[in-house]
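The block underneath contains the structure these notes are about, expressed in structure tokens.
The values are calculated or read from the model by the stated rules, or taken from the named source; none is laboratory data. Computed from a predicted structure; not experimentally measured. Don't worry about glycine lacking a Cβ; one is built from the backbone with ideal geometry, like all the others, and counts go over all protein chains shown. Calculation scope for accessible area: heavy atoms of the full protein, side chains included, ligands and nucleic acids excluded. Shrake-Rupley method; radii C 1.70, N 1.55, O 1.52, S 1.80 Å.
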Amino acid sequence: MDIGLTTLREEEIAKYLATAQSLVQRTSVVISGDDDESRTELAGTGRRFVRTVSTGPVERSVEVKFADTLGKINVDDAMLSMAQHGLLFHARRGLAVGFAVRDVFARQTDLENLSDRNRTAPLSGEDAARYHRLLGAGAFVALFTAASYLLQTTEVEADPTEDSPQPDFAFDTPQDAFKHFLYGLDRAIHDAPNDEQLLARAKAFARVTLEGLLARRARFEQLSAFEETHIRLDDDDFELIGFDIQDRARRKPLVMTFKKPTEVVGNHIAKYQSIKLAKMLMAYDFDRQLNPFVELGGFLFTFIGDGFPGTGKTTLIQMIAGLIKDYCDVASYPFHYENFGVDQISSYQGKSGQNCKQFINNVLDPRAIGFGTVDDIDQVASKRSDDRSSAGQQEITAVLMESFSGAGTVVRGNCSFGMFSNYPENVDDALRQRAGARWLVDGPQTAADYVDIFALLAGDNHQVPLGDHDLYAAQEIERAVESAYEQHNKPQEDGLMKVFERFTDANGKPDTLQEIGTYLHAIKEAEPRFTGRAIKNITDAAKMRAMDIELPDEWFESPDVFMHQLYDTKRAMIAELRGPITLDMIIQEIHRYADSEFRYTDKSDSTAVEAVIRDQRVRERAVREIETLKDKGQWNA
């Protein structure tokens, strides 16, 4: 889905700055009396009066002076610190931007017209009711914008020391919504011990406000008009995409040991598709926020790589990240790489899911080229049926499943996610099937591969002759990949080979869509996890093979040749190179994907069998030792 960009001019924001300034300086808000926290100080004590008798649900008016509250945090300094001033500035500008975006909503709906009519003469009947409903929806939009602005523009490393309180909500007008927002923000930060906690509490309150708003979103039917609105303020580093929560952590410079393709021995198909993926990402158009490969087919959004320890998964990650970064440097594009690991699993309920969602959002940022990895995903995420896994691992599994192929997943083509594991059979079936491609990372396989990797790692500081060997000839990517793909004309796993032999003995090699469908059904009967999603992944892989074009290297040597071209130009350049989907491609991709499912099943079954054998051996040994103890008279059961 390509969401159109709405322009928000600076003059539309500036006309509300005075109103926003008065709100952060001083405002009054009516709250319910069950809020027992008193802000009244006892003279000379520095403590606050706490009522010991409940007053019941009585409403009272409270004066909020947000700017003064900030000034009281450092009582020894009459001036605001840089962090305090920044928070005050962002709070004020966030309110002004909220007012301006509410005007955008008013123009999108009938609110602007009804407001003009109401100023002329009070509305009545159905018009009045509709006007009040739109006023509430407009207040919702304004508050969502202000809270989003504060969340995105507040940069902090620390977590708040305690949970932020849920704000009260009022949706009569934007002013009412902002008054309650400022009251809650004032309460959240008033006793912050330092600037770091001040910003952490403000950011946490903004997030809690957004979550509370989304929980109330169903009350306002009129918000559907705002769903596909996209507003961006480049000078503020602020972006609003419908009602998505955007929160970009401060990005640190990428520090990583990059590998060249020549330093990856074996793994021919994985290496080949990695090179294609890096070039594919560089076709992304920042103005249209779409990649031609998404529209034409063949874009690789998610993939999983599996293999034994030491076969080169980490080297492959370093190679992909290095290729993308080199291309981004040429085009002057921002690049963001991030890995999600076990260190981000939290013992606090919900925190692991938040960390994972933050990781996803950072990589998805449409203003950068992104590459995200989840290394050792079998340790990070867990099977939903595994009762030994932690709540944090279950949260991560749910977030990854929703993000990779959920109802709200939007693939723009600016980023890709890779999952890597030594034990993919321990990954939840539904999550694993959300990987659009399967890469077998099996490392060096042939004698030539082992000669090449030994020569590569040994370096040049030796005088041992090479012998009768054409160094790195086996790593020539075109020849190696062609040979690797041809291996999949027949299955590689024993379980799938039996299905293939039974089918071909009865029907011959499949060469029509009807026969291919029948073959797929035969695989399904042998492997129940071979579902409709598996068929989608196979067809996507075949489309990618059709788009498996060799984008010329000269396109990436200068940004003006391809990367900085207009979207339609890039799309036409790519479309000229693509070829048709062939029967061999389909058969090979069926076998590549189905082989992986049978391989995972075989590994899982082998592990279960080994566990049963081990348990039986332990029981038999225990029986023997018990008999020995009985013979010695030492058994006192």
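Tyr333 fails exactly one of the following numbered conditions: (1) surrounded by fewer than 21 Cβ atoms within 10 Å (Cβ to Cβ); (2) assigned to a loop (DSSP other than H, G, I, E, B). What is the number of that condition?
If we test Tyr333 against (1) surrounded by fewer than 21 Cβ atoms within 10 Å (Cβ to Cβ); (2) assigned to a loop (DSSP other than H, G, I, E, B), just (1) comes out false.
If I ask for residues that are loosely packed, with under 13 Cβ neighbours inside 10 Å and aliphatic (A, V, I, L, M), which ones from region 560-582 would you list?
Filtering region 560-582 for residues loosely packed, with under 13 Cβ neighbours inside 10 Å gives 560, 566, 568, 572, 576-577, 579-580, 582.
Selection gives Leu566, Ala572, Leu577.
Starting from region 78-89, take each residue that is polar (S, T, N, Q) and list its partners that are surrounded by 15 or more Cβ atoms within 10 Å (Cβ to Cβ), counting only C-beta distances under 7 angstrom and pairs at least six apart or across chains.
From region 78-89, the pairs are Ser81/Asn74; Ser81/Asp195; Gln84/Leu70; Gln84/Ile73; Gln84/Asp195; Gln84/Leu198.
Could you figure out which of (1) in contact with a Pro (Cβ under 7 Å, 6 or more places away or on another chain); (2) open to solvent by 30 Å² or more (accessible area, probe 1.4 Å) isn't true of Ala188?
(2)
Filter region 107-127 for residues that are in contact (Cβ under 8 Å) with a residue 24 or more places away in the chain and open to solvent by 10 Å² or more (accessible area, probe 1.4 Å); which is farthest from the chain's Cα centre (by Cα)? I'd like the intermediate steps shown before the answer.
First, the residues of region 107-127 that are in contact (Cβ under 8 Å) with a residue 24 or more places away in the chain: 108-111.
Right, trim to open to solvent by 10 Å² or more (accessible area, probe 1.4 Å) and you get 108-110.
Values: Gln108: 30, Thr109: 32, Asp110: 36 Å.
My answer is Asp110.
Would you be able to say whether some residue in region 591-611 is under 30 Å from Lys383 (Cβ atoms), at pLDDT 85 or above and open to solvent by less than 90 Å² (accessible area, probe 1.4 Å)?
Step one: of region 591-611, the residues under 30 Å from Lys383 (Cβ atoms) are 591-611.
Now drop any that are not at pLDDT 85 or above, which leaves 591.
Next cut, open to solvent by less than 90 Å² (accessible area, probe 1.4 Å) only: 591.
Within region 591-611 (the criterion being under 30 Å from Lys383 (Cβ atoms), at pLDDT 85 or above and open to solvent by less than 90 Å² (accessible area, probe 1.4 Å)), the answer is yes, since at least one residue qualifies.
If we scan region 341-348, do we find a residue that is open to solvent by less than 60 Å² (accessible area, probe 1.4 Å) and under 13 Å from the mean Cα position of the chain (by Cα)?
So the first thing to find is which residues in region 341-348 are open to solvent by less than 60 Å² (accessible area, probe 1.4 Å), and the list is 341, 344-346.
Pick out the ones that are also under 13 Å from the mean Cα position of the chain (by Cα) and you get none.
No, region 341-348 contains no residue that is open to solvent by less than 60 Å² (accessible area, probe 1.4 Å) and under 13 Å from the mean Cα position of the chain (by Cα).
Could you say whether any residue in region 615-636 is out of contact with any Gly (no Cβ under 6 Å at 6 or more places or on another chain) and modelled with pLDDT under 80? Steps first, answer last, please.
So the first thing to find is which residues in region 615-636 are out of contact with any Gly (no Cβ under 6 Å at 6 or more places or on another chain), and the list is 615-636.
Imposing the further condition that a residue be modelled with pLDDT under 80 reduces the set to 636.
Yes, there is a match, as at least one residue in region 615-636 is out of contact with any Gly (no Cβ under 6 Å at 6 or more places or on another chain) and modelled with pLDDT under 80.
Of the residues Ala448, Ala407, Ala430, which single one is over 23 Å from Lys271 (Cβ atoms), open to solvent by 10 Å² or more (accessible area, probe 1.4 Å), at pLDDT below 90 and not in a loop (DSSP other than H, G, I, E, B)? If you could, list the steps in order and put the result at the bottom.
Working: Ala448 fails: over 23 Å from Lys271 (Cβ atoms); Ala407 fails: not in a loop (DSSP other than H, G, I, E, B).
The unique qualifying residue is Ala430.
Considering only residues that are surrounded by fewer than 19 Cβ atoms within 10 Å (Cβ to Cβ), free of Cβ contacts under 8 Å to residues at least 40 places away in the same chain and not in a loop (DSSP other than H, G, I, E, B), which ones fall in region 356-393?
Answer for region 356-393, where residues must be surrounded by fewer than 19 Cβ atoms within 10 Å (Cβ to Cβ), free of Cβ contacts under 8 Å to residues at least 40 places away in the same chain and not in a loop (DSSP other than H, G, I, E, B): just Gln379.
Of all residues in region 166-179, count the ones that are buried (at least 21 other Cβ atoms within 10 Å of the Cβ) and closer than 14 Å to Val208 by Cβ.
1
Considering only region 162-180, I want to know if a residue exists there that is in contact with a strand residue (DSSP E or B) (Cβ under 7 Å, 6 or more places away or on another chain) and not in a helix (DSSP H, G or I).
Going through region 162-180, the residues in contact with a strand residue (DSSP E or B) (Cβ under 7 Å, 6 or more places away or on another chain) turn out to be 168, 179-180.
With not in a helix (DSSP H, G or I) added as a condition, the list becomes 168.
Yes, that holds for at least one residue.
State all residues of region 8-41 that are open to solvent by 80 Å² or more (accessible area, probe 1.4 Å), modelled with pLDDT under 75 and out of contact with any strand residue (DSSP E or B) (no Cβ under 8 Å at 6 or more places or on another chain); if no residue qualifies, say none.
Selection gives Asp34, Asp36.
Got a number for residues in region 276-292 being surrounded by fewer than 21 Cβ atoms within 10 Å (Cβ to Cβ), part of a loop (DSSP other than H, G, I, E, B) and more than 20 Å from the chain's Cα centre (by Cα)?
Total meeting the criteria: 2.
Kindly evaluate Leu457 against the criterion of being open to solvent by less than 100 Å² (accessible area, probe 1.4 Å) and either out of contact with any Lys or Arg (no Cβ under 9 Å at 6 or more places or on another chain) or modelled with pLDDT under 80 (or both).
No: the conditions fail for Leu457.
So which residues in region 410-423 are of a type outside the set (D, E, K, R) and either surrounded by fewer than 23 Cβ atoms within 10 Å (Cβ to Cβ) or in a loop (DSSP other than H, G, I, E, B) (or both), if there are any at all?
Val410, Val411, Gly413, Asn414, Asn422, Tyr423
Condition check: modelled with pLDDT under 85 and under 22 Å from Val294 (Cβ atoms). Does Met563 satisfy that? Spell out the reasoning first.
Values: modelled with pLDDT under 85: no; under 22 Å from Val294 (Cβ atoms): yes.
Criteria not met by Met563.
Looking at (1) open to solvent by 40 Å² or more (accessible area, probe 1.4 Å); (2) touching a residue at least 12 places away in the same chain (Cβ under 8 Å); (3) assigned to a helix (DSSP H, G or I), find the lone condition where Thr397 falls short.
(1)
For region 224-239, which residues satisfy the criterion of being assigned to a helix (DSSP H, G or I) and surrounded by 20 or more Cβ atoms within 10 Å (Cβ to Cβ)? Outline the logic, then answer.
Here is the first cut: in region 224-239, the ones assigned to a helix (DSSP H, G or I) are 224-226, 234-236.
Passing the criteria: only Phe226.
Take the residues of region 56-77 that are open to solvent by 70 Å² or more (accessible area, probe 1.4 Å) and in contact with a Gly (Cβ under 8 Å, 6 or more places away or on another chain): which is modelled with the highest pLDDT?
Once the filter is applied, the top-ranked residue is Arg60.
One line per residue, one yes/no per condition, for (1) in a loop (DSSP other than H, G, I, E, B); (2) surrounded by 15 or more Cβ atoms within 10 Å (Cβ to Cβ); (3) at pLDDT 85 or above; (4) of a type in the set (D, E, K, R):
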| site | (1), (2), (3), (4) |
| --- | --- |
| Asp505 | no, no, yes, yes |
| Gln514 | no, no, yes, no |
| Gly517 | no, no, yes, no |
| His521 | no, no, yes, no |
| Lys524 | no, yes, yes, yes |
| Ile535 | no, yes, no, no |
| Ala541 | no, yes, no, no |
| Asp548 | yes, yes, no, yes |
| Ser558 | yes, no, yes, no |
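Of Ala200, Ala204, which residue is outside any loop (DSSP other than H, G, I, E, B), touching a helix residue (DSSP H, G or I) at 6+ places or on another chain (Cβ under 9 Å) and surrounded by 15 or more Cβ atoms within 10 Å (Cβ to Cβ)? Give the steps one after another, and end with the answer.
On the way: Ala200 fails: touching a helix residue (DSSP H, G or I) at 6+ places or on another chain (Cβ under 9 Å).
Sole residue among the options that is outside any loop (DSSP other than H, G, I, E, B), touching a helix residue (DSSP H, G or I) at 6+ places or on another chain (Cβ under 9 Å) and surrounded by 15 or more Cβ atoms within 10 Å (Cβ to Cβ): Ala204.
Condition first: among the hydrophobic types (A, V, I, L, M, F, W, C) and not in a loop (DSSP other than H, G, I, E, B). Now tell me which residues in region 433-445 satisfy that. First the steps, then the outcome.
First, the residues of region 433-445 that are among the hydrophobic types (A, V, I, L, M, F, W, C): 435, 437, 439-441.
Result: Ala437, Trp439, Leu440.
Can you tell me how many residues in region 485-503 are assigned to a helix (DSSP H, G or I), at pLDDT below 85 and surrounded by fewer than 18 Cβ atoms within 10 Å (Cβ to Cβ)?
4
I'd like the residue in region 78-96 that is out of contact with any Leu (no Cβ under 9 Å at 6 or more places or on another chain) and not in a loop (DSSP other than H, G, I, E, B) and, out of all such residues, is least open to solvent (accessible area, probe 1.4 Å).
Filtering first and then ranking leaves Phe89.
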